[in-house]
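Okay, structure first, notes after.
FYI, it's all coordinate maths here, none of it is from the lab. Please read these numbers as outputs of a predicted model, since none were measured by experiment. Neighbour counts are summed over all protein chains in view; Cβ atoms, including those assigned to glycine, are modelled from backbone coordinates with ideal geometry.
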Amino acid sequence: MLTINADAHPVMQQFHKPDDEKRMVVILADSAYDAWLQAPSADSRDFLRPFPAEALVTEQAQRGLI
């Protein structure tokens, strides 16, 4: 699982303790799968970018369930 810094991400900055670094899992768009799998290692960093906040869905978990 690859993660990247998400301190400035509108959704992910809401998680973790204040002053802790915010991290998010790298999410690839379906259309990027083949490119990721075929990319030379020198180009793999091009895929490590934040997923758009408007494409994410969040909901509050009920206490005691996790």
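Okay, here's what the table says:
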{"quantity": "Cα-derived Rg to Rh of the range 3-55, Kirkwood definition", "calculated": "1.05"}
{"quantity": "GluC sites (Glu not before Pro) lying in DSSP loop within the chain, provided at most 16 other Cβ fall within 10 Å", "calculated": "E21, E59"}
{"quantity": "Debye, to nearest 20: dipole size of the range 3-55, +1 on Lys, Arg Cβ, -1 on Asp, Glu Cβ", "calculated": "120"}
{"quantity": "In nm, spacing of pseudo-spin labels at Y33 and Q14 (7 Å Cα→C-beta vector)", "calculated": "2.9"}
{"quantity": "Low-density loop positions, trypsin sites (Lys or Arg not before Pro), the chain - DSSP coil, at most 12 other Cβ in 10 Å", "calculated": "R63"}
{"quantity": "Expected 222 nm ellipticity per residue - DSSP helices of 4 or more, -39500 (n - 2.57), all of the chain, to 500", "calculated": "-2000 deg cm²/dmol"}
{"quantity": "Fewest-first sequence of L37, L28, L2 by Cβ atoms within 10 Å of each Cβ", "calculated": "L37, L2, L28"}
{"quantity": "Dipole of the chain [Lys/Arg +1, Asp/Glu -1 at C-beta], most positive-end residue of A55, S31, S41", "calculated": "A55"}
{"quantity": "The chain: chymotrypsin sites (Phe, Trp or Tyr not before Pro) in DSSP loop, at most 16 other beta carbons within 10 Å", "calculated": "F15"}
